[in-house]
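What follows is a set of notes on a single structure, which appears directly below.
The values are calculated or read from the model by the stated rules, or taken from the named source; none is laboratory data. Since the structure is predicted, the reported quantities are computational estimates derived from the model, not experimental observations. Because the Cβ atoms are built from the backbone with ideal geometry, glycine has one as well, and the counts that use them run over all protein chains shown.
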Amino acid sequence: MMSSAENRRKRWILCFILLSALLVVFFAASICIGSVNLPLSRLLSILFKDGGDSSERDIIFALRLPRTLAALILGGALSLSGYLLQTFFHNPLAGPFVLGISSGAKLTVAVCMVILLSRSATMNSAGMITAAFAGSLACMFFVMLASRRIKRMSMLVICGVMIGYICNAVTEFIVTFADDSDIVNLHNWSQGSFSGTTMENAAVMAVVTAVSSLCAFLLSKPISAYLLGESYAESMGVNIKLFRIALVIISSMLSACVTAFAGPVSFVGIAVPQIIRFLYRTSKPVVMIPACFLGGSIFCLFCDLLARTMFAPAELSISTVTAVFGAPVVIAVMLRRPEER
């Protein structure tokens, strides 16, 4: 008979195989399906045999492939950021969108864009990520200050929501009263979207996300100890102060990268880690970190596919679709925590 540990490992392997298969399916579907549908055989011919006419190649390499890569990379980054924040606050409702971190990043990016566009200048990828990171850290700082005075985690979440509302209100004020047509177009970005991504943007977000995710994975052992309590983690040699700073920086960088390129995307950082935790039935970071990244990528690929095809040629914002599927998960989590009611 197999031991319980062997059964768990078998379950984890099957789950990883399932998620990997879903990732491939939705990745291919995102490239093939659109206003011009491409058969899978045609797609493979264009990608690997240099086939297809120029219009088909433009559709794939200039439009669909960069957008699909953005959904894959940023979806995984957002889910992983949510998992790290939930670990930091010991709260399953913590996430970059709920705590106002994404809204703070959106505000600073919008302000920088408005200033530069008013001077006929543009912001490159590094500038966008830097501005978003500064906004994320600022909001994270306010949430951490509030956590020192607020002991109930439910109230801390409400505090984060209020910070998010303030940042969103200021951002909407800036966007609404802008005169320049380029600045007015910020409204679409402020609602959340993977459209408009280029291969250069995808390369930048891939590097930032890969480095941040690797750093998070290297913290797997300290995270495991931290999940058992700060006293236990300190007894195992974890420097709690440095560990918390590392979690804040990594989670802020991941959420900043998402906001810089796609705007705020709601509920992914909360819902996906809960789904993954239920699917794998474990809290081990060495499993949860890669699984959350895979789950976030699949979730955003699926939602983005629906956003651009459900009411084509009209396109929904990505946050509209993620809220439809993510909000019920959050409600279910709240119903399972009677002590927070």
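When residues in segment 205-261 are screened for being within 15 Å of Gln86 (Cα to Cα), among the small types (Gly, Ala, Ser), in a helix (DSSP H, G or I) and more than 15 Å from the chain's Cα centre (by Cα), 4 of them pass. Identify all residues within segment 76-100 that are surrounded by 24 or more Cβ atoms within 10 Å (Cβ to Cβ) and either in a helix (DSSP H, G or I) or in contact with a Pro (Cβ under 7 Å, 6 or more places away or on another chain) (or both); write none if there are none. Scanning segment 76-100 gives Gly76, Ala77, Leu78, Ser79, Leu80, Ser81, Gly82, Tyr83, Leu84, Leu85, Phe97. Against the conditions (1) touching a Cys at 6+ places or on another chain (Cβ under 7 Å); (2) over 30 Å from Ala246 (Cβ atoms); (3) among the aromatic types (Phe, Trp, Tyr), Phe27 satisfies every one except (1).
Here segment 14-33 is the region considered, the condition is being among the β-branched types (Val, Ile, Thr) and more than 21 Å from the chain's Cα centre (by Cα), and the residue that is nearest to Arg67 (Cα to Cα) is Ile33. Picking from Ser103, Ser118, which residue would you name as being in contact (Cβ under 8 Å) with a residue 40 or more places away in the chain and surrounded by fewer than 17 Cβ atoms within 10 Å (Cβ to Cβ)? The unique qualifying residue is Ser118.
Determine, yes or no, whether Ala29 is within 30 Å of Gly160 (Cβ to Cβ), of a type in the set (A, V, I, L, M), out of contact with any Pro (no Cβ under 9 Å at 6 or more places or on another chain) and at pLDDT 90 or above. Taking the combined requirement at face value, the residue does not satisfy it. Restricting attention to segment 199-215, the residues being touching a residue at least 12 places away in the same chain (Cβ under 8 Å), farther than 16 Å from Ser297 by Cα and aliphatic (A, V, I, L, M) number 2. So, of the residues in segment 283-341 that are among the aromatic types (Phe, Trp, Tyr) and touching a residue at least 40 places away in the same chain (Cβ under 8 Å), which turns out to be surrounded by the fewest Cβ atoms within 10 Å (Cβ to Cβ)? Of everything passing the filter in segment 283-341, Phe325 is surrounded by the fewest Cβ atoms within 10 Å (Cβ to Cβ). If you go through segment 288-325 and keep only what is at pLDDT 95 or above and over 21 Å from Gly34 (Cα atoms), you end up with Met288, Ile289, Pro290, Ala291, Cys292, Phe293, Leu294, Gly295, Gly296. Against the test of being surrounded by fewer than 24 Cβ atoms within 10 Å (Cβ to Cβ), farther than 18 Å from Leu78 by Cβ, in contact (Cβ under 8 Å) with a residue 12 or more places away in the chain and not hydroxyl-bearing (Ser, Thr, Tyr), the options Leu247, Leu227 yield a single qualifying residue, Leu227. For segment 34-59, which residues satisfy the criterion of being surrounded by fewer than 16 Cβ atoms within 10 Å (Cβ to Cβ) and in a helix (DSSP H, G or I)? Leu40, Ser41, Arg42, Leu44, Ser45, Leu47, Phe48, Ser54, Ser55, Arg57, Asp58 - these are the residues of segment 34-59 that are surrounded by fewer than 16 Cβ atoms within 10 Å (Cβ to Cβ) and in a helix (DSSP H, G or I). Screening segment 6-28 for residues that are surrounded by fewer than 13 Cβ atoms within 10 Å (Cβ to Cβ) and β-branched (Val, Ile, Thr) and picking the one that is farthest from Lys284 (Cα to Cα) gives Val24.
Filtering Ile73, Ile31 for residues that are surrounded by 20 or more Cβ atoms within 10 Å (Cβ to Cβ), closer than 17 Å to Asp304 by Cα and without any contact (Cβ under 8 Å) to a residue 40 or more places away in the chain leaves a single hit, Ile31.
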